[in-house]
Structure formats: C-alpha cells, structure tokens
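Notes for the one structure printed next.
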Amino acid sequence: MLTRSARCRKLLWGLASLAALGCGGDQGPHPSLRLSILGHVLSAEPAPVPVAGATVALREFQGLESSRILVQTTTDQAGAYQLTYIFTSICKAPDQPGFWIEAAAERYEMKSTISFDVPFSDPPVYCTNDPQTIDLSLQPLGWLRVLTGTTGSPQDPDGYAPVLTGKFPYPLGEMSLAYPMGANDEQVIELLPGQFSLELTDVAGNCTVAGDNPRTVVVAARDTAVTAFQVTCAP
C-alpha cells in the first residue's frame, strides 16, 4: 500500500501537472463553489447513535504536513455513520497551492478528492458555479490471510510471489500486486470486499502447487478469508 506521504506526493503531482491549464481554461480563477459532502457506510436512517467504533474524519490538506479536521463522527456497531460538511471553495490560480479533502477511518476504505477535475480524484470536484454533492462514502475493509507450506527438497530459497488481481483500496484501484513470501510463510492483506484472483508465482521448476493456481478468493467486509498454497518439491 502507498504511504500517506506517497499519496500526498501523487496528489500534488497531479495539481502541478494542471498548473499550465489554470482553473477553467484561460479564464483564471473560477468563482467560489458551494459543495456539500455527505459520507455514509451503510444506511444512516435513522441517524446512528455514536457508540464505540471507528472515528471517521473529514480532513483538509494544504500541503504535505499542513491539515485540519473539518468534521468527524463515530460509527455505530453496524459501521454506519453520518458525516456532512458544507463549505465554499475557490479554484485557485495556477501559482497558488491547491488543496484536497480526505475522508478516512481505521479499517475503512479511504477516499480523497481535490479541487480540480483530475483522473485520480475520487470523486472529482469540478470548476463550476453549480452546487455539487460530493459522495465520500467509505466501505469497511476485509482481510485475506495467505499461507504457504512447502515439503520436499530442494526448495526454492527465494520463496514465492503470490500475485493478487482485483480492485484495491484508494488510490490503487483495479490492478495486480505481488506479495513476496517465504516457502513456509503467512501474510495478511487488507482489501476492499469483493472477488480476487490469486496466483502463486515464482515457483521453482522442481516444485508443484496443489489445488487451483490461480484461484478465486472472496473477501467480505470485516471478515478474514483464508487460503493456503501447499507446494511439494522433488529432485
């Protein structure tokens, strides 16, 4: 997963790449926008009563180290919450720093949006005078526990590389990722709920993987799916 600093660098790179375009073409700064942000995990009707759960915060960033919490709330036992914030914003001139707003909670998907319409803004904010509703709803995450077990010899000293393909939490999206593992190893991966393809790669020629490879694994919210690869090696 990308670190917060890496995510910030990615967002700032996108802002810099748009500097030559200005905000709204050649017309310079756009008039202020009125934006409404509504976040929810599950149905929030009626409004959940705050109990022990994840704290969901809506945070505004104006640089790698500068940020402030705009509003926050606590989820109920079902994971539902209401988080609404109305604010005005200005599409800044190219020589002014941009800002972005991030909704985040531990063990939930993170979402972020910035003040320009760029491909990786999820969801985008447009340079327009029309009111906008920004949906920063977060989805509770699940986990995949991958195990490798190897018998026989000689075994590959470099281990294996399980390759997972599917939709990963923001900002990664749909892609394939490799997770280096030892011959007898265990790894837990935090994922969005959904279906993934998992293939054990980098297996030595003298070793055989039992069962389906690749295989389909299904991850559910707030639950841990377990899959094990058994490898047998022979001279």
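With the cut-off at 1.5 for a/c, could you classify region 190-233 from its C-alpha gyration tensor as rounded, prolate or oblate?
Prolate.
Whole number please: convex hull volume per residue, Cα atoms of region 142-233, in Å³.
77 Å³
Neighbour counts of other C-beta atoms within 10 Å: give me I69, I101 arranged from fewest to most.
Working: I69 10, I101 23.
Fewest-to-most ranking of I69, I101: I69, I101.
Taking 0.36 nm per intervening residue step and subtracting the Cα-Cα distance, what contour gain separates Q195 from L70 on full extension?
Contour length minus Cα-Cα distance gives 41.6 nm.
Calculate, for N206 and A78, the FRET efficiency according to 1/(1 + (r/R0)^6) with r their C-beta to C-beta distance and R0 35 Å; round to the nearest 0.05. Before the final figure, lay out each step's value.
Details: r = 51 Å, r/R0 = 1.45.
The calculated FRET efficiency here is 0.10.
At what distance in nm do the modelled label points of T232 and R59 sit from each other, each positioned 7 Å from its Cα along Cα→Cβ?
5.1 nm
For the ranges 218-231, 70-83, what's the packing order if you count other beta-carbon atoms within 10 Å of each residue, average per peptide, and put the highest first?
Sorting 218-231, 70-83 by mean packing, highest first, produces 70-83, 218-231.
Would you pull out the residues with amide H under 5 Å of V71's amide H, same chain only if 5 or more places away, H placed 1.01 Å from N?
When sequence neighbours closer than 5 places are left aside, the close amide H contacts are L58.
Read-outs throughout are calculated quantities, based only on the coordinates presented, and are distinct from any laboratory measurement. As the structure is a computational prediction, the values presented were derived from the model and not from experiment. Don't worry about glycine lacking a Cβ; one is built from the backbone with ideal geometry, like all the others, and counts go over all protein chains shown.
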